Amino acid sequence: MNETKPIRVRFAPSPTGHLHIGGARTALFNWLFARKYGGSFILRIEDTDTSRSTDEYIEAIIDGMKWLKLDWDDGPYRQTARFDIYRDYVQKLLNEGKAYYCCCTHEELEQRRQEAVAAGRPQKYDGRCRGVEGEKPDRPAAIRFKMLQEGYTVVKDLIKGHVEFENSQLEDLIILRSDGAPTYNFVVVVDDIDMKISHIIRGDDHLNNTPKQIQIYKAFGWEPPAFAHLPMILGSDKARLSKRHGATSVMAYKEMGYLPDALVNYLVRLGWSYGDQEVFTREDLIKYFSLENVGKSAAVFNPEKLLWLNSQYIISSEPSALAEAVMPFLLKDGVVSESAAVDMQWLSKAVRSLQERARTLIELASSLKYYISEQVEIDKKAAEKFLKQENIGLLSELRDMLLPLEAFFASDIEKAFMAVVEKHGLKMGNLAQPVRVVLTGSTASPGIFEVMEILGKEKVLKRLSRVIEGE
RNA sequence: GGUCCCAUCGUCUAGAGGCCUAGGACGUAGCCCUCUCAAGGCUAAAACACGGGUUCGAAUCCCGUUGGGACUACCA
């Protein structure tokens, strides 16, 4: 890449909302790039729009980054803390005649835009204040950057390739608002130079901003960083992903019981691939990641595939780690009152039996209920189908066989169970299903002997008796 | 409207001119396994947007058309 400059990349969200799917993917690619090449990953909060930015959203974004385990080496910087720096640079442009005061009001600007639309002309600032350069006017004035109008600007993008823009299409953009706050296209340039960013990896919604920014770099005599514009993430209707497509906040996925590694794995495959491989550890990703394998076209976010990946991560998790991860969900549901009250070794065993049956931690917690709770609520339809009178007798016989058991392992239980089955010339399922309904409340569960072992003799007998006695 | 980007199964993608009878994954359907449900295994249906070139040969290169998206703020 660049032989001389050290690799430094940044994620620069504006705190006007939670960390969303698109932002997280941008952060992830930057993070991977930094980790891959031993560079630095910088977090910079772009809060120059003070009317829309909040401290709560800064916290929310940081929470999201932490949950995804995207650690940064430098920052978070806040642009509102750097306004003096930006103003100095604005002044410099002013002094050099590369920027000018503009007294056009919002209303005037808006009116001229309307007229341009009506006349079918390009909506571009007409540059009327360009002529009246000089000292600061008495009226409120913004400061515009004098955009070069001749020739064209080339963006050499690591993903999109060679992209040309005609300079005459670029307008004199406002770099300092009349209230003294600098604007995005200006501060982003100053910061990326000041923070010695080597590669700007961001969404391709910024591709059109890039030639404007390149002109600002040039006005200062700065060498721009390398650019890499990532394709967008779309909703199912191919429109830009937004709230109406469902959950877009990263933390919403935490609450829905997704594992951060699963979400990271899903996100990285949106626009990037490594042959036919679908599941990657973090180490894999760092090892294999490359901007060269990033695609150019937008990707539709597919919740089904994310769900599948999550199930894969749940299956391959350590039961003990999963038990820890599911605890907040058990507490939230009131299944357990305090985590200290749970035997984690036992819980891990219960979790292990459910791993390949739960796609999210919520599903896991939900199934765990029938292991943990004292009694179980029996599904009405399941009861109608399997708890008929003739089955109650079988349950009673099974209870009699279980009663004297001293060891209550699956193998012991199976012997008792099979004795009843064989005595009546039944099939396994004839007894397994009624027992399953009694013990778990539903017709679907892990293997019945395993369920019984995990529940333990006491709970098993209690639940059987409750049904046999018809309470 | 203008500027820019993009275009392989429904979706994510492999594919860097002959390895393509277009591969994998999710989802869907069927079968196997089986005490249920999963997981797992096998199988199936499913795509190179269209039209012109270039070439002995094009999913791959070029042009156009169409379609989608982004930007077009004193938002970022």
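The values are calculated or read from the model by the stated rules, or taken from the named source; none is laboratory data. Quick caveat, the model's predicted, so the values are computed rather than measured. All Cβ positions, glycine included, derive from the backbone under ideal geometry; neighbour counts span all protein chains shown.
Here's the yes/no breakdown for (1) over 17 Å from A:ARG82 (Cα atoms); (2) surrounded by fewer than 22 Cβ atoms within 10 Å (Cβ to Cβ):
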{"site": "A:PHE186", "(1), (2)": "no, no"}
{"site": "A:ILE201", "(1), (2)": "yes, no"}
{"site": "A:LEU207", "(1), (2)": "yes, yes"}
{"site": "A:PHE220", "(1), (2)": "yes, yes"}
{"site": "A:ALA226", "(1), (2)": "yes, yes"}
{"site": "A:LEU230", "(1), (2)": "yes, no"}
- A:ASP284: free of Cβ contacts under 8 Å to residues at least 12 places away in the same chain and more than 8 Å from RNA strand B (Cβ to nearest atom), yes or no? yes
- A:VAL294 fails exactly one of (1) among the hydrophobic types (A, V, I, L, M, F, W, C); (2) free of Cβ contacts under 8 Å to residues at least 60 places away in the same chain; (3) surrounded by 16 or more Cβ atoms within 10 Å (Cβ to Cβ), namely (2)
- Of residues in region A:438-451 being more than 10 Å from RNA strand B (Cβ to nearest atom) and assigned to a helix (DSSP H, G or I), the one surrounded by the most Cβ atoms within 10 Å (Cβ to Cβ): A:VAL438
- Which of the residues spanning region A:141-168 are surrounded by 12 or more Cβ atoms within 10 Å (Cβ to Cβ) and not in a strand (DSSP E or B)? A:ALA141, A:LYS146, A:MET147, A:LEU148, A:GLN149, A:LEU158, A:ILE159, A:LYS160, A:ASN167, A:SER168
- Find the residue count for region A:242-270, including only residues that are at pLDDT below 95 and either of a type in the set (Lys, Arg) or part of a loop (DSSP other than H, G, I, E, B) (or both). 6
- Query: Hey, among A:ARG10, A:ARG44, A:ARG52, A:ARG25, which residue is out of contact with any Cys (no Cβ under 8 Å at 6 or more places or on another chain) and closer than 15 Å to A:ILE286 by Cα?
  - Reply: A:ARG25
- Pick from A:PHE227, A:PHE220: which is within 28 Å of A:LYS160 (Cα to Cα) and within 14 Å of RNA strand B (Cβ to nearest atom)? A:PHE227
- Message: Suppose we keep only residues that are within 9 Å of RNA strand B (Cβ to nearest atom) and in contact with a helix residue (DSSP H, G or I) (Cβ under 6 Å, 6 or more places away or on another chain) within region A:149-172. Which one would you say is nearest to A:ASN293 (Cα to Cα)?
- Response: A:VAL155
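Under the condition of being in contact (Cβ under 8 Å) with a residue 12 or more places away in the chain and among the charged types (D, E, K, R), which residue from region A:378-387 is surrounded by the fewest Cβ atoms within 10 Å (Cβ to Cβ)? Spell out the reasoning first.
At the first step, the residues of region A:378-387 found to be in contact (Cβ under 8 Å) with a residue 12 or more places away in the chain are A:378-379, A:382-383, A:385-387.
So of that shortlist, the ones also among the charged types (D, E, K, R) come out as A:379, A:385.
Values: A:ASP379: 16, A:LYS385: 14.
Ranking the qualifying residues of region A:378-387, first place goes to A:LYS385.
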- Message: As an exercise: evaluate A:PRO404 against (1) away from RNA strand B (no atom under 11 Å from the Cβ); (2) assigned to a helix (DSSP H, G or I) and give the number of the one condition it does not meet.
- Response: (2)
- Where in region A:1-105 are there helices (runs of 4 or more DSSP H), lying fully within it, with 3 or more residues that are over 25 Å from A:ASP205 (Cα atoms) and within 16 Å of RNA strand B (Cβ to nearest atom)? A:83-95
- Task: Could you grab me the full set of residues in region A:106-119 that are under 29 Å from A:THR210 (Cβ atoms), within 10 Å of RNA strand B (Cβ to nearest atom) and surrounded by fewer than 12 Cβ atoms within 10 Å (Cβ to Cβ)?
- Result: A:HIS106, A:GLU108, A:GLU110, A:VAL117, A:ALA119
- Task: For region A:207-224, enumerate the residues that are free of Cβ contacts under 8 Å to residues at least 12 places away in the same chain and of a type in the set (A, V, I, L, M).
- Result: none
- Task: Go through region A:120-140 and count every residue that is within 7 Å of RNA strand B (Cβ to nearest atom) and within 20 Å of A:ARG87 (Cβ to Cβ).
- Result: 1
- Query: How many residues does region A:312-347 hold that are surrounded by fewer than 18 Cβ atoms within 10 Å (Cβ to Cβ), small (Gly, Ala, Ser) and within 16 Å of RNA strand B (Cβ to nearest atom)?
  - Reply: 1
